[in-house]
Amino acid sequence: MIDPRFVYLAALLSVVGAWSYIRDTLRGVTSPNRVTWSLWGVEGVLAFAVEVQQHVGMASLMTLMLGLVPCVVVFVSFRNPRRVWRIGAFDVFCGAISLAGLVFWGFVDQPTAALVSFVVADQVAALPTIRKSWLAPSTESPRVFFMGFMNCAITLLTLKTMTTAGVLFPGAILVADLVIGLLIVSRAGPRYRGDDVDTSTARIA
């Protein structure tokens with residue numbers, strides 16, 4: 001365990017990563033998938049509210065950042081509508097499943113089942129961007145995801161007690177951010193297809 005005040009460093013890392021992603025979105029370098037980012041925003045804010053009620057402590061600051069940053073990303077994406085990833089059937093399907101998970105979370109009266117459904121909803125929301133990072137890594141910016149990974153790692157290390165409420169949500173995001181970041185920097189999708197050309201042009205509105 002490390003000093004809980006390191007959570008402020010984690011929040012700062014999120015701000016740095018968020019700024020780079022927002023800047024790239026405004027420049028048209030990055031084309032965010034609005035399904036993923038919209039759901040991440042809603043889920044992050046809801047998770048923060050739950051963690052405050054459960055007295056998670058300063059670690060909840062990381063969760064708040066996980067909600068606010070996606071909200072800003074979605075907002076700025078409307079400033080450059082020609083460089084937004086076009087939504088397809090897979091995105092809509094994942095969005096519907098994620099929303100269903102949130103509805104289940106809101107009504108179920110069993111804390112563990114509710115938490116698991118919430119985390120599953122969050123991870124399903126990430127699938128469109130994971131797929132996008134495989135198909136068209138050039139339309140993404142990796143820094144925000146690596147900073148998010150570091151944010152979650154630091155936050156987990158600050159926890160005095162490893163509880164399900166404190167660990168499951170940031171732990172799942174840690175894995176998702178690492179996978180997305182690695183897919184982007186490695187260009188694994190284009191390399192696997194045997195070329196260095198992704199499918200970005202065909203999927204940008």
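No value in this document is a laboratory result; all are computed from the given coordinates. Treat the numbers as computed from the prediction; the structure is a model and nothing was measured. Neighbour counts run over all protein chains shown; Cβ positions are idealised from the backbone, glycine included.
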Only Lys, Arg (+1) and Asp, Glu (-1) charged, at Cβ; the chain dipole about Cα centre in debye
680 debye
Checked region 1-141 against the a/c 1.5 cut and the a/b vs b/c comparison, axes a ≥ b ≥ c from its Cα gyration tensor; verdict oblate
Potential extension, PHE75-GLN110 segment - 0.36 nm per residue separation minus Cα distance:
9.2 nm
Using Cβ contacts closer than 10 Å as the measure, can you line up LYS160, LYS132 from fewest to most?
LYS160, LYS132
Cβ-Cβ FRET estimate between ALA89 and ALA188, R0 fixed at 22 Å, reported to 0.05
0.40
